[in-house]
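A.B. asks: Here you go, one structure.
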Amino acid sequence: MRAVALAERDRLGRMITPKSAPRGSGRPDSPLELSADDFRAMVAHATEEIVRHVATLPTQTLHATGGGKALARSLRESLPEAGTDYAQLVTRLVRRVVPRSFNSASPGYLGYIPGGGLLHSAVADLIANAVNRYVGVWVAAPGLAQLESNVVRWFGELVGYGGDPAPGGLLTTGGSMSNLIAIVTARENLLGEDFSRGVIYVSDQAHHSVAKAARFAGFRRDQLAILPTDAEFRLDVGALAERIEADARAGRAPCLIVASAGTTNTGAIDDLPRLADLAARHALWLHVDAAYGGFFALTERGKRALIGLERADSIALDPHKSLFLPYGTGALVVRSAERLRRAHAMEASYLPPMQRDDDFIDFCDLGPELSRDFRGLRVWLPLKMHGAGVFRAALDEKLDLAARACEAVRAMPHVEIVAEPQLSLFAFRVGPTRGVTGKALDALNRRVQKRVNGRQRVFLTGTVLRGMFVLRVCVLSFRTHADRVEMFLEDLRGALASC
Ligand SMILES: *Cc1c(COP(=O)(O)O)cnc(C)c1O
């Protein structure tokens with residue numbers, strides 16, 4: 001087996017070594033033009049390495065970042081003048097470098113907000129990059145721009161947007177960029193050029209990317225009003241109403257409410273219907289950060305939990321979270337495509353004319369980017385291949401797994417559920433009933449986390465809520481199934497018995 005692999009590598013090395021003369025259709029004197037055979041061989045070798053890597057994912061360690069600095073130092077180098085054998089580079093990358101990381105593609109990854117990594121999307125990226133078409137401007141690739149528009153339209157329908165006004169949106173690199181584009185859109189539409197008196201409202205559980213986006217959008221720190229949350233970590237709507245009125249009386253310009261539909265800390269979903277009422281009463285923009293929770297709207301339970309989402313002016317979604325796609329895939333959907341375009345459209349004499357039409361979209365008109373990857377294909381391909389039902393079933397499974405895990409954790413001695421699962425995320429802590437308090441209680445929970453993670457079968461992260469350290473479980477990978485949740489419960493029981 002190994003001998004065959006080595007022989008194959010030798011063959012590939014000889015074939016693709018930069019010194020060898022390329023064959024095939026390309027210009028014969030440029031190694032930058034791969035021959036058809038060399039391209040096939042490169043892809044075949046990468047495919048074998050990926051297949052081997054993915055096949056062993058379930059038994060790989062969950063976090064192997066010890067010696068990270070030494071690893072990073074060992075890889076530092078100046079720009080190479082000479083080339084290196086391709087097969088050797090890829091094999092080393094996949095076998096030596098990739099495993100030394102948080103295994104965010106593992107079925108046992110229950111920390112932070114798990115990512116996905118559908119291989120369908122990896123293939124879509126290969127195709128998109130190989131044909132390398134320009135999708136930032138509609139006229140440059142009308143058919144491809146349409147595929148990406150379809151994806152955005154599907155997302156708009158998914159969150160419940162109607163047809164009047166015509167909704168719109170775009171794919172971004174992630175939730176942070178979606179939140180930024182939303183804040184600029186609200187600012188431009190509601191405040192115009194002088195936004196020095198504008199106020200943005202968020203809860204103390206909002207993702208930090210919102211505060212960062214406000215800063216990028218040119219707001220001062222004192223223009224971000226941070227509101228308290230209730231016992232379920234949801235924005236306190238009463239406190240918000242009072243604050244908006246006080247700000248208006250003081251001559252400030254209330255502008256934007258950023259609600260959360262699934263916070264990163266506990267998965268809390270703000271009271272969207274009441275926030276939509278409040279926003280309507282004061283003519284404010286309501287943006288919902290649904291980067292984690294949004295795609296649960298595919299499921300019946302998710303739809304119920306996310307009621308009111310359709311009343312938001314804009315919504316950030318992260319296909320690289322709850323649609324299982326690879327990192328670098330976010331989305332922003334906006335109730336009114338016209339308001340999004342108004343905030344971002346520009347003219348330039350060297351560009352072709354823009355469509356300025358709700359049916360034919362120039363993506364450069366809707367956000368800060370001009371040239372960009374054809375990220376639409378990465379979303380379109382898996383959705384077209386499988387249909388929405390497969391994603392709905394997978395998300396339903398995550399809801400079931402989180403509910404089951406939470407019930408089993410609740411039944412363990414001396415464990416307190418701090419946040420119930422509203423979707424597929426819950427938070428708990430060990431010890432208050434043992435009479436442990438304060439710093440010792442935090443230390444106990446950190447020990448439990450270390451024990452559980454030390455088994456390398458699941459990966460948990462913690463957070464600090466109102467001054468207390470808690471553990472959290474987020475079930476979101478398409479690779480996580482009931483067997484892995486059992487391993488989590490076993491390892492937690494073991495940790496509780498020994499801490
Ligand atoms: C992950 C996340 C973000 C940030 O999104 P990125 O894709 O990491 O940029 C924002 N808000 C929430 C609620 C998130 O879970």
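A.B. asks: If you go through the range 459-469 one residue at a time, how many are open to solvent by 50 Å² or more (accessible area, probe 1.4 Å) and either on the phi < 0 side of the Ramachandran plot or of a type in the set (S, T, Y) (or both)?
C.D. replies: Residues of the range 459-469 that are open to solvent by 50 Å² or more (accessible area, probe 1.4 Å), as a first pass: 464, 466-467.
Of the ones still in play, those that are also either on the phi < 0 side of the Ramachandran plot or of a type in the set (S, T, Y) (or both) are 464.
Qualifying residue count for the region: 1.
A.B. asks: Would you mind stating whether D236 is in contact with a Lys or Arg (Cβ under 8 Å, 6 or more places away or on another chain) and closer than 29 Å to A419 by Cβ? Please lay out each step first, then the result.
C.D. replies: Working: in contact with a Lys or Arg (Cβ under 8 Å, 6 or more places away or on another chain): no; closer than 29 Å to A419 by Cβ: yes.
Answer is no for this residue.
A.B. asks: If you don't mind, another one. For the range 404-416, what are the residues that are surrounded by 16 or more Cβ atoms within 10 Å (Cβ to Cβ) and touching a strand residue (DSSP E or B) at 6+ places or on another chain (Cβ under 9 Å)?
C.D. replies: A405, C406, V409, V415
A.B. asks: Then there's this: Which of the numbered conditions does A241 fail, given that it passes all the others? Conditions: (1) outside any helix (DSSP H, G or I); (2) more than 15 Å from the ligand (Cβ to nearest atom); (3) among the aliphatic types (A, V, I, L, M).
C.D. replies: (1)
A.B. asks: State yes or no: is L383 crowded, with 23+ Cβ neighbours inside 10 Å and not in a loop (DSSP other than H, G, I, E, B)?
C.D. replies: Working: crowded, with 23+ Cβ neighbours inside 10 Å: no; not in a loop (DSSP other than H, G, I, E, B): yes.
So L383 fails the test.
A.B. asks: Further, regarding this structure: How many of the residues in the range 151-177 are over 20 Å from the mean Cα position of the chain (by Cα) and either polar (S, T, N, Q) or within 16 Å of the ligand (Cβ to nearest atom) (or both)?
C.D. replies: Result for the range 151-177: 0.
A.B. asks: Shifting gears a bit: Quick test of your reading of the structure: V135 fulfils all but one of (1) within 16 Å of the ligand (Cβ to nearest atom); (2) crowded, with 18+ Cβ neighbours inside 10 Å; (3) outside any strand (DSSP E or B). Name the failing condition by number.
C.D. replies: That leaves (1) as the condition not met.
A.B. asks: Which pairs turn up if I take residues in the range 142-156 that are among the aliphatic types (A, V, I, L, M) and look for partners that are open to solvent by less than 10 Å² (accessible area, probe 1.4 Å) with beta carbon separation below 6 Å, at least 6 apart in sequence or on another chain?
C.D. replies: Taking only residues 6 or more apart or on different chains, the pairs are L144/V135; A145/V135; L147/G376; V151/G376; V151/V379; V152/G169.
A.B. asks: Got a sec? Which of D396, D373 is within 16 Å of the ligand (Cβ to nearest atom), surrounded by 14 or more Cβ atoms within 10 Å (Cβ to Cβ) and over 30 Å from L191 (Cβ atoms)?
C.D. replies: On the way: D396 fails: within 16 Å of the ligand (Cβ to nearest atom).
Just a single option satisfies the conditions, and that option is D373.
A.B. asks: Here is a further query. Can you pull out every residue in the range 476-499 that is over 28 Å from V54 (Cβ atoms) and open to solvent by 50 Å² or more (accessible area, probe 1.4 Å)? It would help to see each step written out before you state the result.
C.D. replies: First, pick out the residues of the range 476-499 that are over 28 Å from V54 (Cβ atoms): 493-499.
Those that are over 28 Å from V54 (Cβ atoms) and open to solvent by 50 Å² or more (accessible area, probe 1.4 Å): R493, A497, S498.
A.B. asks: Return the pair list, or none, for Cβ contacts closer than 6 Å from residues in the range 167-189 that are farther than 15 Å from Y292 by Cβ to residues that are near the ligand (Cβ under 9 Å from one of its atoms), at least 6 apart or on different chains.
C.D. replies: Final answer for the pair search is T172/S178; T172/G330; T173/G328; T173/G330; M177/G330.
A.B. asks: Check off (1) of a type in the set (K, R); (2) crowded, with 20+ Cβ neighbours inside 10 Å; (3) touching a helix residue (DSSP H, G or I) at 6+ places or on another chain (Cβ under 6 Å) for R472 and give me the number that stays unchecked.
C.D. replies: Failing condition for R472: (3).
A.B. asks: For residues that are out of contact with any His (no Cβ under 7 Å at 6 or more places or on another chain) and open to solvent by 10 Å² or more (accessible area, probe 1.4 Å), tally how many sit in the range 277-290. If you could, list the steps in order and put the result at the bottom.
C.D. replies: Initially, the range 277-290 is screened for residues out of contact with any His (no Cβ under 7 Å at 6 or more places or on another chain), giving 277-288, 290.
This time we only want the ones that are open to solvent by 10 Å² or more (accessible area, probe 1.4 Å), so: 277, 280-284.
Qualifying residue count, the range 277-290: 6.
A.B. asks: Now for a separate question. Within the range 380-389, is there a residue that is over 18 Å from the mean Cα position of the chain (by Cα) and among the aromatic types (F, W, Y)?
C.D. replies: no
A.B. asks: Taking into account only those residues within the range 314-362 that are more than 16 Å from the ligand (Cβ to nearest atom), basic (K, R) and at pLDDT 95 or above, which is most open to solvent (accessible area, probe 1.4 Å)? Please lay out each step first, then the result.
C.D. replies: Keep residues of the range 314-362 that are more than 16 Å from the ligand (Cβ to nearest atom), which gives 334-362.
Still in the running and basic (K, R): 335, 339, 341-342, 356.
Subset that is at pLDDT 95 or above: 335, 339, 341-342.
Details: R335: 71, R339: 71, R341: 21, R342: 142 Å².
For the range 314-362, the residue satisfying everything is R342.
A.B. asks: Does A182 count as more than 16 Å from the ligand (Cβ to nearest atom), open to solvent by less than 20 Å² (accessible area, probe 1.4 Å), in contact with a His (Cβ under 6 Å, 6 or more places away or on another chain) and of a type outside the set (V, I, T)? Explain how you work it out, then say what you get.
C.D. replies: Values: more than 16 Å from the ligand (Cβ to nearest atom): no; open to solvent by less than 20 Å² (accessible area, probe 1.4 Å): yes; in contact with a His (Cβ under 6 Å, 6 or more places away or on another chain): yes; of a type outside the set (V, I, T): yes.
So A182 fails the test.
A.B. asks: Of everything in the range 301-313, what is open to solvent by 30 Å² or more (accessible area, probe 1.4 Å), away from the ligand (no atom under 15 Å from the Cβ) and touching a helix residue (DSSP H, G or I) at 6+ places or on another chain (Cβ under 8 Å)? Give them in sequence order. Write out each step before concluding.
C.D. replies: Initially, the range 301-313 is screened for residues open to solvent by 30 Å² or more (accessible area, probe 1.4 Å), giving 301, 303-305, 307, 310-311.
From what's left, away from the ligand (no atom under 15 Å from the Cβ): 301, 303-304, 307, 310-311.
Listed by number, the residues that qualify are R301, K303, I307, R311.
A.B. asks: Looking at (1) under 21 Å from L465 (Cβ atoms); (2) within 16 Å of the ligand (Cβ to nearest atom); (3) in contact with a helix residue (DSSP H, G or I) (Cβ under 7 Å, 6 or more places away or on another chain); (4) open to solvent by 10 Å² or more (accessible area, probe 1.4 Å), which is the only condition V202 fails?
C.D. replies: (4)
A.B. asks: Report, by residue number, each residue of the range 207-243 that is closer than 18 Å to A283 by Cβ, hydrophobic (A, V, I, L, M, F, W, C) and surrounded by fewer than 22 Cβ atoms within 10 Å (Cβ to Cβ).
C.D. replies: Residues satisfying the conditions are A225, V237, A241.
A.B. asks: Quick one: A231 ticks every box in (1) away from the ligand (no atom under 16 Å from the Cβ); (2) under 27 Å from L423 (Cα atoms); (3) assigned to a helix (DSSP H, G or I) except a single one, so which number is it?
C.D. replies: It fails just one condition, (3).
The values are calculated or read from the model by the stated rules, or taken from the named source; none is laboratory data. No experiment lies behind these values; they were computed from the predicted model shown. In this analysis, Cβ positions are derived from the backbone assuming ideal geometry, glycine residues included, and neighbour counts consider all displayed protein chains. SASA here: full protein model, heavy atoms, side chains in, ligands and nucleic acids out. Shrake-Rupley method; radii C 1.70, N 1.55, O 1.52, S 1.80 Å.
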